[in-house]
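J.: Questions regarding the structure given below will be posed in turn.
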């Protein structure tokens with residue numbers, strides 16, 4: 001007899017998700033160059049971040065049963081009023097859920113929801129190198145619009161970033 005997979009659900013994040021979101025994010029803080037944060041984020045700080053982001057834009061999570069597979073959110077790209085129709089998008093998947101197609105589903109849900117917030121352009125900032133993120137953004141219709149060299153310094157190395165854009 002085979003076990004059935006728990007249903008995959010995409011929903012708005014709640015402050016109760018903060019611990020699982022922080023756990024996912026802190027893995028990338030500690031083990032990769034993907035985020036420029038150097039110190040782990042605390043659960044209270046993640047709760048506050050979720051609350052602050054949701055004042056204006058969506059924060060979504062994907063859960064399989066009780067386990068959080070990943071999260072995605074949109075944030076203001078710039079603070080000046082004329083930028084109000086652009087949002088910077090972010091997605092992180094728990095490492096055990098990589099390469100299963102779930103990130104594309106979650107990211108698509110985020111991009112679709114942005115229309116409800118009158119967002120016309122999604123902008124992604126990708127740390128380079130990051131082939132998985134580039135492939136995901138290409139799959140979802142983003143196009144590369146620029147590259148900044150040596151803008152981050154972490155783990156004793158300089159890091160480049162690329163900006164990718166998609167009309168939503």
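The values are calculated or read from the model by the stated rules, or taken from the named source; none is laboratory data. Because the structure is predicted, anything quoted here is derived from the model rather than measured. Neighbour counts run over all protein chains shown; Cβ positions are idealised from the backbone, glycine included.
J.: What number of residues in the range 33-65 are touching a residue at least 60 places away in the same chain (Cβ under 8 Å) and either surrounded by fewer than 15 Cβ atoms within 10 Å (Cβ to Cβ) or assigned to a helix (DSSP H, G or I) (or both)?
T.: Going through the range 33-65 one residue at a time, the tally reaches 3.
J.: Please enumerate the residues belonging to the range 84-112 that are out of contact with any strand residue (DSSP E or B) (no Cβ under 7 Å at 6 or more places or on another chain), free of Cβ contacts under 8 Å to residues at least 60 places away in the same chain and in a helix (DSSP H, G or I).
T.: Answer for the range 84-112, where residues must be out of contact with any strand residue (DSSP E or B) (no Cβ under 7 Å at 6 or more places or on another chain), free of Cβ contacts under 8 Å to residues at least 60 places away in the same chain and in a helix (DSSP H, G or I): 96, 104, 108, 112.
J.: Another question, then. Can you tell me which residues in the range 139-163 are without any contact (Cβ under 8 Å) to a residue 12 or more places away in the chain and assigned to a strand (DSSP E or B)?
T.: Answer for the range 139-163, where residues must be without any contact (Cβ under 8 Å) to a residue 12 or more places away in the chain and assigned to a strand (DSSP E or B): 149, 150, 151, 153, 158.
J.: Now, a different point. Tell me whether the range 4-14 contains one or more residues that are modelled with pLDDT under 95 and at positive phi.
T.: Checked the range 4-14: no residue is modelled with pLDDT under 95 and at positive phi.
J.: Another question, if that's okay. Cβ contacts < 7 Å: first residue in a loop (DSSP other than H, G, I, E, B), restricted to the range 115-129; second residue surrounded by fewer than 17 Cβ atoms within 10 Å (Cβ to Cβ), any location; separation 6+ or different chain. Result?
T.: 118/85; 119/85; 120/85; 120/167
J.: Looking at the range 66-83 only, could you name the residues that are loosely packed, with under 13 Cβ neighbours inside 10 Å and in a helix (DSSP H, G or I)?
T.: Correct list: 81, 82.
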